[in-house]
Amino acid sequence: MSLVIKEFIIHEIIKEANGMGIFNKATESVSKDDDLSLALVNELHKGISNSTKKAYGVFVEGEKSSLFKIDFSEYINVNESFFNKSIELTGSKSQGSLLNLLNKKNLATGGYIIYIDYLIHNERFFIVCMLNNKQGKSIEIDKAGKPKIKNTQQLEISNLDLACRINISKFKNDDSTYLCFIHKTSKKKPSDYFVEFLGCKKFNSEQSNSIKLVSIIKAITSNLENKGQIRKDAHTYCLSMSKVKKPIDIFELSMSLFGEEKRNFIFDYAVKNDKEIDHSFSIYKSEVDKLVTVIIKKADWIDEIKFDSKFIKNFKINEDNQDIMLKNVPELISLINQEKGL
């Protein structure tokens, strides 16, 4: 595994019955070299990459910059430990500390706050996340052959809800897709305090996500005989979700178009081709319509041509590639004749 941990810090916020949090401060960093640490970091990295609730974002700049953004920017530009900054960020009385923001939310729970600076495949990342232990059961057979069932606790990583990963190389190079975060959609457990703590906002707009989705689906289907039907089905799915005011899910869409065994088809294509598309978003209809509509704007003397893509066969291009002949368009001919006074 090509993984090197530079910083690994864990603190805890314990939520009391009265709803207030208590900061349980760690006194030292976690070991960077043992197998369990490396396995956990690798699991978190993969968990964020594969999350169905991932969105891309950027830090809010200027006077509204968060305490975390300020401390993080200082940290990556100086050669010093993040440990003292992590204490201030997590449990201080500062307005932008996680403890202070969490105490304002009655439904927010406490947990372990984790900060990790690491290199994986020679690329540097920084993770901030909140995790809890979950109750479980384990079975053990002793030397006498007697089975025993025991209560166990383990970190709940498989269903990440509060996590952020920063690509430090991209951040330093002002690449606009340096930050991704996991955002909850549950109304019962709002995560806005975590997003406020980070000081980030979504990067992709509905229009940007929709443009990328159309581009991906067109690319995936470009060599398929039934590409027209698949694009029409994708368009129908997107509009059906918009009609009931729900975001689309690219994993659900992928299964709808290509079958359950290809749940990750759209996602994998996006990752392979560096198209940072959110995994769930509300559509921008005029962009999604381009799945089934061809729109040509401001081409020479033409202001706009718009037509259903299934009628592309009615266009015939002359050999010199300068002229186009339209077939089977009696209504258009009638309108042109009317304008000419014929």
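Worth a mention:
- Residue within the range 230-247 that is outside any helix (DSSP H, G or I), free of Cβ contacts under 8 Å to residues at least 24 places away in the same chain, crowded, with 16+ Cβ neighbours inside 10 Å and not small (G, A, S) present: no
- Per this entry, F197 is counted among residues that are part of a helix (DSSP H, G or I), crowded, with 20+ Cβ neighbours inside 10 Å and aromatic (F, W, Y).
- Note on the range 107-122: among residues that are of a type in the set (A, V, I, L, M, F, W, C) and assigned to a loop (DSSP other than H, G, I, E, B), the one that is nearest to K64 (Cα to Cα) is A108.
- Restricting attention to the range 152-179, the residues being surrounded by 10 or more Cβ atoms within 10 Å (Cβ to Cβ) and outside any strand (DSSP E or B) number 14.
- Only residues that are of a type outside the set (A, V, I, L, M) and loosely packed, with under 11 Cβ neighbours inside 10 Å were counted across the range 111-151, and they come to 14.
- Residue check for I157: at pLDDT 85 or above, touching a helix residue (DSSP H, G or I) at 6+ places or on another chain (Cβ under 6 Å) and of a type outside the set (K, R): no
The values are calculated or read from the model by the stated rules, or taken from the named source; none is laboratory data. Since we're looking at a predicted model, the values are computed, not measured. For neighbour counting, all protein chains shown are included, and Cβ atoms are generated from backbone atoms with ideal geometry for every residue, glycine included.
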